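Read through the structure below, which is laid out as structure tokens, and then see the notes.
The numbers here are math on the coordinates, done by the rules we state, and not lab data. It should be emphasised that the depicted structure is a prediction, and the values quoted were computed from it without experimental measurement. Cβ: placed from backbone, ideal geometry, glycine included. Neighbour counts: every protein chain shown.
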Amino acid sequence: MPSDFYQRVYSVVREIPNGRVCSYGAIAKFLGAARSSRMVGFALKQSGVLDFLPAHRVLNRNGFLSGKHAFSPPELMAELLRAEGIAVANDQVLNFKELFWDPSENLNYREF
DNA sequence: ATGATGACTAACG
DNA sequence: GCGTTAGCCATCA
């Protein structure tokens, strides 16, 4: 039984538009737990059994695929991103800055 | 309850 | 600009 924190993480990640990416810190901040960025990644790792979750669109603040090793195979993460038109090279999203999607500016806060 | 862990970040040197 | 250190805090053993 996932905690509410997890549910909130999933709710935000699910709203990430196709072809866009986000960072752990941004999600954590939006959830009001700016210092719990690590927990965001932790939640995503456990999200495998839940509904579709674009976890591959969530990267660290540098745009690196920090969580690719959690996929099977790890290359799957980069492939999923490329499948959405996102350029990936050397485990990094090239135009991360342009593709960045900030939940605090594009998603209205609501009860999760 | 205590200590270790981690898909992170920011601050130092 | 890069490697190291230190905070952070929800889980888990």
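Tabulated results
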| read-out | value |
| --- | --- |
| A:F52-A:D4 FRET efficiency (beta carbon distance; Förster radius 22 Å; 0.05 resolution) | 0.60 |
| Reciprocal mean inverse distance between Cα atoms of chain A - Kirkwood radius, Å | 13.9 Å |
| Average Cα contact separation per residue, region A:4-95, under 8 Å, 6 or more apart, as relative contact order % | 26 percent |
| Distance histogram in 10 Å bins (all Cα pairs of region A:45-104, percent per bin) | 22, 57, 20, 0 |
| 222 nm mean residue ellipticity, helices alone, for chain A (DSSP H n ≥ 4; -39,500 (n - 2.57); rounded to 500) | -10500 deg cm²/dmol |
| Net charge of neighbours whose Cβ lies under 11 Å from the Cβ of A:E75, counting Lys and Arg as +1 and Asp and Glu as -1 | 0 |
